[in-house]
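Asker: Before we start, here is the structure in question, set down as structure tokens.
The values are calculated or read from the model by the stated rules, or taken from the named source; none is laboratory data. The structure presented is a predicted model; accordingly, all values stated were derived computationally and were not measured. Ideal geometry is used to build each Cβ from the backbone, glycine not excepted, and the neighbour counts take in all protein chains shown.
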Amino acid sequence: MTETKAPILELKHIMKAYDANVALKDAGLTVYPGEIHALMGANGAGKSTMIKIIAGAHKPNEGEIILNGEAVTFNNPKDALRKGVAVVYQELSLVPHLTVSENIALSADSVNKKGRYDWAESDRLASAALKRLGRAGEGIGVRDIVGNLRADQMQMIEIARAIGQDASIILLDEPTSSLNFEETENLFAVIRELVKQDIAIIFVSHRMNEIREICDRISILRDGILVVDGRPMSQISDDDIVTEMLGEKLESEKVEKTPLEEIDKRQPLLTFGFEGGIQDYVIHEGEIIGLAGLAGSGRSSVLRAIWGGSLRDDMHFEYMGEEFKPTKPSKSLGSKMAYVGEDRAISGLFFGQPILETIIMGHRNLGRKMIVNNRHEQDVFRDVIRKIQIKIPAEDCSPSALSGGNQQKLLFGRWIIDDAKLILLDEPTRGVDVRTKEEIYQRIRTMAAENNAGVLMVSSELNELELLCDRVIVMRDGKGENVLSGDEITEENMMRYIAHAEGT
Amino acid sequence: MGENTPVTIQSDSKMKKLIRAYKLELGMAVILVVMYIILHFVTGTALKGSNIRNVLQASAPLLIMTMGQLVVVITGGIDLSVGSLYSLSGMCGVLVMLRTQSITAGVLVALGVGILCGVINGVLVAKVKMAPFIVTLAMQGAAASLTKIIAGGNSQTVTLQAFKAFNRGEMIPGVRNYMVYMVIIVVVMYLLLRKTVFGRWIYATGSNEEASRLVGIPVDRVKIICYTMSGFLSAVAALLGASRLMNVEVTSGVGMELDAIAAACIGGASLSGGLGTAFGALIGTLLQKGINNGINLLGINSFWTGTVTGIVIIVSVYVGMVAGKNSKKRK
């Protein structure tokens, strides 16, 4: 459909090296107006470098950028934006305390009336930009404070700012990673609306089903080389995509789940229930239970309540046959539990400290010793690094030197030192590539099977729950609503129950 | 750079690691030494025993105070009250000493005041969740004003000659006490920060408070203890200062909090938390006092001290930022 038009943006034979480190060898991208173009690649494939080049934040060493048929260079992000290319990063660049109007129009020249901020003009620009987002943007008022908006609305503000400055190409970097199912749909509605206006969207994501749902064509980078150049989505299968990204077939193990009758015979590990809830829920040894539901349905808060991170007095627990009252994380830690939080940068990693600190801290606190035993910690650390299979530049480097996937593996590594009995996982594969995902799945299965640990995991990626879980609890209004088990756990089923739960 | 590359852990030699970990501090130490060698060439007196002793004696109270500031700064906080606590605890201690004629009573009261104010700071920051800047700014004002009230605005001379020994005595024959204290505080702080679990908690709290809490670190307790240590060490510094001059002014500690913060930061501590070492704080303190000393020796108007110190702060923190980028210490 788009093939008849001329490409709006072409990147050809892009080479980019940082010192001796070649990030891109022969990368490229061809984008047509009015299309949604997926850009994929495993961690380390050079995707982030490519994004920075498109954004104008970095300049390529070799290769050319052709915009509307003319060779151009982007001197900096502002220059790229002036020429019509906008990038919306995962970490949004909004000013939360200011209004929607200001966030959209702040850098427009026309609001600056000799130093006075022209509010009328600002509001006009903002509402015009919001109008172009279509129906999903209607709920946003120009004088709303951005910090009070939902995650998807904030994304929309960022997009509105881009189109307010006449961007004709918008790159979205993992836009859905912090959105729930419903918010994602809202964002997609906006994207479809923009495409109708002939804006080109470059969509960067690890989520296969979303790429499948919304993208027209796909380009894939592997080891700095463009290996799939704008192939229509209809001509490429999910397996092909994974194979192209990794350069080999991924042995995705479809592991047979243990029959439920078998699981039910095992020791119950944790029983939890809600005040006024329909029933209590039991996690047995070696059982993996998923919590599904919309964001805000209380999935994460159940995990945090068990971990003692934030308490819920409307829940009751029985752990290893005794009543359990979580008070603080150190108590749960001492009771052989483990927790991997939702946002690793906030809830897990110690930036600026050697990686060892991130890995060892739980073990150290469990030890209740006063003095640090350096040799022991070094041994444990090396053992963990070997087990989780990550490569680190130096022992004393900070977690910031690692890719997102490896950072996530660090947090799993933390909990393989002392065999935890109950493992609480909040979005365990957020923002990691397919290979790392597979490794994390394997890790979760191992923890359950070999250590006989119970796992309670929250995930927005339903295929993940389908793949791993023995039971799935669909949550609503902070409580458990439906329980799916065995063959009932399919994406369609979960989706239906989640949607049903929402429909009140 | 696929992720399937075999697992490698680069094991550098211990020495190399040590140098990398203390890059900034070592750089500052070199600057300090070079500065003194040049000063010696110009003045001929800078490296004489008497001058070095003077500088060290003048540095001792600030060093002790800086160590307290350091732990607070590593947690990501700041303690603006230490200067006023220096005045207040010193004044309380001396007044009690004069009233009771008991050195022990005076010392205990001074330390008690320091600890109490530190606990108040800590509880307000950790439990009430108020901003450290505001809490300690308020404490600064209150302590300064209380000092004037209890002293009636007058300076006090210590008439108990035995108190002199606190600073200048020789517990170890041939070594003045202040030297002993300096060695002790540096060694203790080094051990606390590097070798104890509590020390690792301090860094973790400053690096990522939420992550620390979620991995079972009692962050509130960590912070309260750090602010308490800061208050306590201010009182120790005040006693040392009082013993040296045998006199306390109501304004004796004015501005010292900024010297302490500067000393910690020159030595590599970061106000955003998670960074800083005892060795760095030592070098930072000596560098500041060394600049004072250099300006005196060169006969330059002492009004210049602030300018030179200011430049040193900016340069050292800048160097720290640039070096941090390469050593991946950054966030």
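Asker: I want to confirm something. Restricting to the range A:420-436 and keeping residues that are within 12 Å of another protein chain (Cβ to nearest Cβ) and at pLDDT 90 or above, which single residue is surrounded by the most Cβ atoms within 10 Å (Cβ to Cβ)?
Answerer: Within the range A:420-436, the match that is surrounded by the most Cβ atoms within 10 Å (Cβ to Cβ) is A:Leu424.
Okay, residues lined up against (1) surrounded by fewer than 24 Cβ atoms within 10 Å (Cβ to Cβ); (2) closer than 12 Å to B:Leu233 by Cα:
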{"site": "B:Leu70", "(1), (2)": "no, yes"}
{"site": "B:Tyr86", "(1), (2)": "no, yes"}
{"site": "B:Met91", "(1), (2)": "no, no"}
{"site": "B:Leu111", "(1), (2)": "yes, yes"}
{"site": "B:Ile115", "(1), (2)": "yes, yes"}
{"site": "B:Gly122", "(1), (2)": "no, no"}
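Asker: Is it fair to say A:Leu294 is touching a residue at least 60 places away in the same chain (Cβ under 8 Å) and more than 7 Å from chain B (Cβ to nearest Cβ)?
Answerer: yes
Asker: A:Arg443: basic (Lys, Arg), within 14 Å of A:Val340 (Cβ to Cβ), away from chain B (no Cβ under 12 Å) and not in a helix (DSSP H, G or I), yes or no?
Answerer: When the stated conditions are applied, A:Arg443 does not pass them.
Asker: If you scan the range B:204-230, which residues turn out to be within 24 Å of B:Ser145 (Cβ to Cβ) and in contact with an Asp or Glu (Cβ under 8 Å, 6 or more places away or on another chain)?
Answerer: Across the range B:204-230, the qualifying residues are B:Tyr227, B:Ser230.
Asker: Quick test of your reading of the structure: A:Asn374 fulfils all but one of (1) more than 9 Å from chain B (Cβ to nearest Cβ); (2) out of contact with any Phe, Trp or Tyr (no Cβ under 8 Å at 6 or more places or on another chain). Name the failing condition by number.
Answerer: Only one criterion in (1) more than 9 Å from chain B (Cβ to nearest Cβ); (2) out of contact with any Phe, Trp or Tyr (no Cβ under 8 Å at 6 or more places or on another chain) is unmet by A:Asn374, namely (1).
Asker: Out of the residues in the range A:377-419 that are farther than 20 Å from A:Val340 by Cβ and more than 8 Å from every other protein chain (Cβ to nearest Cβ), state the one that is surrounded by the most Cβ atoms within 10 Å (Cβ to Cβ).
Answerer: A:Glu377
Asker: Which strands (runs of 3 or more DSSP E) sit wholly inside the range A:1-104 and have at least 3 residues that are among the aliphatic types (A, V, I, L, M) and closer than 25 Å to A:Pro232 by Cβ?
Answerer: Passing ranges, in order: A:9-18, A:21-31, A:36-41, A:62-67, A:85-88.
Asker: Same structure again: Here is a list: B:Val250, B:Val219, B:Val254, B:Val215. Which entry is more than 22 Å from B:Gly27 (Cα to Cα) and under 20 Å from the mean Cα position of the chain (by Cα)?
Answerer: Of B:Val250, B:Val219, B:Val254, B:Val215, the one residue that is more than 22 Å from B:Gly27 (Cα to Cα) and under 20 Å from the mean Cα position of the chain (by Cα) is B:Val254.
Asker: In addition: Is there a residue being polar (S, T, N, Q) and either crowded, with 21+ Cβ neighbours inside 10 Å or in a helix (DSSP H, G or I) (or both) anywhere in the range A:182-205?
Answerer: yes
Asker: For A:Gln407, work out the one condition from (1) of a type in the set (S, T, N, Q); (2) touching a Pro at 6+ places or on another chain (Cβ under 9 Å); (3) on the phi > 0 side of the Ramachandran plot it doesn't fulfil.
Answerer: The number of the failed condition is (3).
Asker: So, one more: With A:Leu311, A:Leu349, A:Leu333, A:Leu366 as the choices, which residue is assigned by TED's automatic domain parsing to the domain that holds A:Glu427 and within 13 Å of A:Leu410 (Cα to Cα)?
Answerer: Criteria check complete, one pass: A:Leu349.
Asker: If a residue must be in contact with an Asp or Glu (Cβ under 9 Å, 6 or more places away or on another chain), of a type outside the set (D, E, K, R) and either exposed (fewer than 13 other Cβ atoms within 10 Å of the Cβ) or more than 16 Å from B:Val82 (Cα to Cα) (or both), how many such residues does the range B:124-150 contain?
Answerer: Adding up the residues that qualify gives 1.
Asker: Next up: Can you name every residue in the range A:337-370 that is farther than 20 Å from B:Thr75 by Cα, in contact with a strand residue (DSSP E or B) (Cβ under 7 Å, 6 or more places away or on another chain) and surrounded by fewer than 22 Cβ atoms within 10 Å (Cβ to Cβ)?
Answerer: A:Glu342
Asker: While we're here: Going through the range A:13-39 one residue at a time, which ones are of a type in the set (A, V, I, L, M, F, W, C) and either surrounded by fewer than 22 Cβ atoms within 10 Å (Cβ to Cβ) or in contact with a Phe, Trp or Tyr (Cβ under 9 Å, 6 or more places away or on another chain) (or both)?
Answerer: A:Met15, A:Ala17, A:Ala20, A:Val22, A:Ile36, A:Ala38, A:Leu39
Asker: Which condition does A:Ser332 not pass, out of (1) over 22 Å from B:Gly216 (Cβ atoms); (2) within 14 Å of chain B (Cβ to nearest Cβ), if it passes all the others?
Answerer: (1)
Asker: From the list A:Asn451, A:Asn463, A:Asn482, pick out the single residue that is over 29 Å from A:Gly276 (Cβ atoms) and over 15 Å from the mean Cα position of the chain (by Cα).
Answerer: Checking each option against the conditions leaves just A:Asn451.
Asker: Only residues that are in a loop (DSSP other than H, G, I, E, B), surrounded by 13 or more Cβ atoms within 10 Å (Cβ to Cβ) and in contact (Cβ under 8 Å) with a residue 24 or more places away in the chain: list them for the range B:152-175, please.
Answerer: Matches in the range B:152-175: B:Ser155, B:Val158, B:Leu160.
Asker: If a residue counts only when it is farther than 9 Å from A:Gly290 by Cα and free of Cβ contacts under 8 Å to residues at least 24 places away in the same chain, which strands (runs of 3 or more DSSP E) contained entirely in the range A:448-493 have at least 1 such residues?
Answerer: The qualifying strands (runs of 3 or more DSSP E) are A:479-485.
Asker: Just need a number here: residues in the range A:129-155 that are in a helix (DSSP H, G or I) and either in contact with a Cys (Cβ under 8 Å, 6 or more places away or on another chain) or surrounded by 15 or more Cβ atoms within 10 Å (Cβ to Cβ) (or both).
Answerer: Looking only at that region, the number is 10.
Asker: Specify the residue that is surrounded by the fewest Cβ atoms within 10 Å (Cβ to Cβ); the eligible residues are those in the range A:288-304 that are out of contact with any Leu (no Cβ under 8 Å at 6 or more places or on another chain) and part of a loop (DSSP other than H, G, I, E, B).
Answerer: A:Gly296
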